[in-house]
1. Which ones in the stretch A:45-71 are more than 10 Å from every other protein chain (Cβ to nearest Cβ), of a type outside the set (Gly, Ala, Ser) and under 18 Å from the mean Cα position of the chain (by Cα)?
2. Of all residues in the stretch B:68-83, which are at the interface with chain A (Cβ under 9 Å from one of its Cβ atoms) and not hydroxyl-bearing (Ser, Thr, Tyr)?
3. Considering A:LEU57, A:LEU68, A:LEU6, A:LEU2, which residue is in contact with a Phe, Trp or Tyr (Cβ under 8 Å, 6 or more places away or on another chain), surrounded by fewer than 22 Cβ atoms within 10 Å (Cβ to Cβ) and modelled with pLDDT under 90?
4. Can you tell me how many residues within the stretch A:222-236 are touching a residue at least 12 places away in the same chain (Cβ under 8 Å) and within 13 Å of chain B (Cβ to nearest Cβ)?
5. Can you tell me which residue in the stretch A:168-211 is nearest to A:ALA240 (Cα to Cα), limited to those that are in a loop (DSSP other than H, G, I, E, B) and touching a helix residue (DSSP H, G or I) at 6+ places or on another chain (Cβ under 6 Å)?
6. Just to be sure I understand, how many residues within the stretch B:103-126 are part of a loop (DSSP other than H, G, I, E, B) and either among the β-branched types (Val, Ile, Thr) or under 22 Å from A:TYR207 (Cα atoms) (or both)?
7. Quick check on A:ILE138: is it assigned to a helix (DSSP H, G or I) and either on the phi > 0 side of the Ramachandran plot or more than 12 Å from every other protein chain (Cβ to nearest Cβ) (or both)?
Amino acid sequence: MLATLLIVFREVIEAGLIIGIVLAATRGVPRRSLWVAYGVIAGVAGACLVAAFAGQLSSLFEGSGQELFNASILLLAVAMLTWHNVWMASHGRAMAQEMRQVGADVMAGKRPLGALSIVCGVAVLREGSEVVLFLYGIAASGGTSAAGMIAGGALGVLAGAGASALMYLGLLTIPTRHLFSVTSGLITVLAAGLAAQAIAFIQQAGYLEVLTSTIWNSSWLLSDESLTGRLLHTLIGYTATPNGAQLLVYLLTIAVIVALMRYVRSPHARAHKTAAAN
Amino acid sequence: MPPNDPTRVTLIRTPLRMRLFLPALLLALGQSAVAMADEVMNIDLTIKDHRFSPAEIHVPVGKPTQLTIKNEDATAEEFDSTALKTEKVIAGGRSATVRLRPLGPGRYPFMGEYHADTAQGVVISE
């Protein structure tokens, strides 16, 4: 039962941390809970579908279907997170100029909530399909231990959700005027980490066989298997043994997001927008 | 090596794969470590009763290899190894291929995440 609890907890908290960041980033936005809920529900439904067709998915693309699927949905999440950050940089600044403060009103614009909904869906889909397969395996094998393990699974879901909620509440203690910077930063490194994971899947699929050698090994300091290592893996994309392509894509993602955010804030972009408005 | 040895190694021809995914950028950086191997060593593995057989695999240093893993259990297993940077779900009764990058000498443990108490193994690169 304990083993089941731990596995489910680990998967749930990985999705939960991402949802926690999305919720913190959309603090005060009307109907954001609804959008997040849509994402989570779609994610759970998708997870069940992926689990049901795991065998078929795997045999696509010469046996690399699973890896390419994982890479695709991760890159989709990266695109949506980038869009959100750039949108916030653009509109948050413009609105702040008029109101002379970054208050709750800034948060209430027509933000691309659909994008964040997709991010939540992808997070749940990725981790959820593994949980579904795992729990299904336990249920199918039956036996006396099955009941205990299912109880462990349920406790794992609760514990994971609880831990994610704690992180969300922690983020909410950040004063509103700093919250935007903090969540933008979190979303930027989250996106970079997901992009690096996507590259690892593409390499695993046998494409992009470049820069595959390990750049460093910090497992003596913080191993990927430890709880801290796993949490940091989700939050900032930590891995003890990054390879060249992963590191390059990680840094490139951060650079692109920061550059886009700077660009939309720049006088040039603003002048362009004003001209277009007139 | 007897013909039925489960660690039996076969050479198979990998299909010509599209190697041009994001490459222009990366190649421009002058680090074109493209593995041009047309023949990749294949090693067969079986999962049965939530155990790997063989549980110890030997691969040559610096050569790409691939594992063909047949899951003879009715339920899914996830082949998982942070050392090998691999995670792959193998549905019950199905086979899956896991590609291994060229490895430096050393031991690279792997496990079946859904049954980590029994499903343990190691790739030894030497």
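1. Correct list: A:LEU68, A:PHE69.
2. Within the stretch B:68-83, B:ASP73, B:ALA74, B:ALA76, B:GLU77, B:GLU78, B:ALA83 qualify.
3. A:LEU57
4. Looking only at that region, the number is 5.
5. A:LEU211
6. The first filter runs over the stretch B:103-126 and keeps only residues part of a loop (DSSP other than H, G, I, E, B), leaving B:103-105, B:116-119, B:126.
If we keep only those that are either among the β-branched types (Val, Ile, Thr) or under 22 Å from A:TYR207 (Cα atoms) (or both) as well, we get B:103-104, B:118.
So the count comes out to 3.
7. no
Conditions (1) at pLDDT 90 or above; (2) of a type in the set (A, V, I, L, M, F, W, C), marked per residue:
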residue	(1), (2)
B:ILE43	yes, yes
B:GLN66	yes, no
B:LYS70	yes, no
B:GLU78	yes, no
B:SER81	yes, no
B:VAL89	yes, yes
B:MET111	yes, yes
B:ASP117	no, no
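The values are calculated or read from the model by the stated rules, or taken from the named source; none is laboratory data. On a predicted model such as this, the values are computed, not experimentally measured, just so you know. Ideal geometry is used to build each Cβ from the backbone, glycine not excepted, and the neighbour counts take in all protein chains shown.
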